[in-house]
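The values are calculated or read from the model by the stated rules, or taken from the named source; none is laboratory data. The shown structure was predicted, so the numbers you read here are calculated from the model rather than taken from an experiment. Please note: Cβ atoms are built from the backbone with ideal geometry, for glycine as well, and neighbour counts cover all protein chains shown. These area figures cover heavy atoms from the full protein model, side chains too; ligands, DNA and RNA do not enter into them. Shrake-Rupley method; radii C 1.70, N 1.55, O 1.52, S 1.80 Å.
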Amino acid sequence: MVTTFVATSCAAVPELPPPVPQDVVPSVAPPTLSAAGSDQLSPDGFDAVQRMAVRIRNVGCASLSTGSGFAVDEHTLITNRHVVADSESLQVSTYDGRDLDVSAASTAALADLAVVRTEDPLPSFPQIADDDPEEGDDVTVVGYPAGGRLTVTAGRVIGTTRDPLHENLGEVLVTDAPVEPGSSGSAALDDDGDVIGVVYAKTTDGRSLLVPQSTLREMLDDTSAFTELTPC
């Protein structure tokens, strides 16, 4: 059980709501690694993991920021609340550089999660795992750190901790898979390529925090968990 963490957001630019610290811990960008599902190549040469990840560009009234997200069905993306907050418009692009029109977005009050709906179909989406991972399980994170190229990092689940940012959320997962600003909203995958959590923060010692798939599932099943996001 992991108990003591000082967390910082993976957001690139946006102001975050209290009590989230405003600093971001810098670290060396990790190398690109092979990912779960890399043998599932499509005709264009990209694998299933690459095809399901999107870059999200938040054009705000006073700032511009980037984050990551992933598809859960043909027209639905999951990301973080702080990735889409205070936006005038949201721009979503796929692994192959295509821009997708956004039709709606909504955010959760309890956890740092958001749902984004697209008018255009998404190219690929993974399954959500049936169970939360155990300590020591492998984890793969796929996203767009710093709003740059699609990057895959790998690590292991270290354990769980009480969420340091949202006291009512409960237990969150802690991993040593590297994440950077812009990784917020990335999918964390198991060895089968199934989603086991959503990246939402990192600690001062470089560990990544995930909303577990059990919480994500519970909130997606609750129609009152998300509130429509209104432009700033």
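Annotations
- Counting only residues that are open to solvent by 70 Å² or more (accessible area, probe 1.4 Å) and either assigned to a strand (DSSP E or B) or closer than 19 Å to THR230 by Cβ (or both), region 71-102 holds 5 of them.
- The set of residues in region 195-208 being modelled with pLDDT of 95 or more and either among the aliphatic types (A, V, I, L, M) or open to solvent by 40 Å² or more (accessible area, probe 1.4 Å) (or both) consists of VAL195, ILE196, VAL198, VAL199.
- Meets criteria (part of a loop (DSSP other than H, G, I, E, B) and either within 16 Å of ASN80 (Cα to Cα) or without any contact (Cβ under 8 Å) to a residue 60 or more places away in the chain (or both)) for PRO133: no
- Residue selected from region 44-56 under the condition buried (at least 20 other Cβ atoms within 10 Å of the Cβ) and of a type in the set (D, E, K, R), by the criterion farthest from LYS202 (Cα to Cα): ASP47
- Verdict on ARG117 being modelled with pLDDT of 85 or more, open to solvent by 10 Å² or more (accessible area, probe 1.4 Å) and farther than 24 Å from PRO178 by Cα: yes
- VAL157 being crowded, with 23+ Cβ neighbours inside 10 Å and touching a residue at least 40 places away in the same chain (Cβ under 8 Å): no
- Which listed residue is touching a His at 6+ places or on another chain (Cβ under 8 Å) and under 25 Å from LEU220 (Cα atoms), from LEU110, LEU77: LEU110
- Restricting region 59-70 to residues that are among the hydrophobic types (A, V, I, L, M, F, W, C) and in a strand (DSSP E or B) leaves a set whose member that is farthest from MET219 (Cα to Cα) is LEU64.
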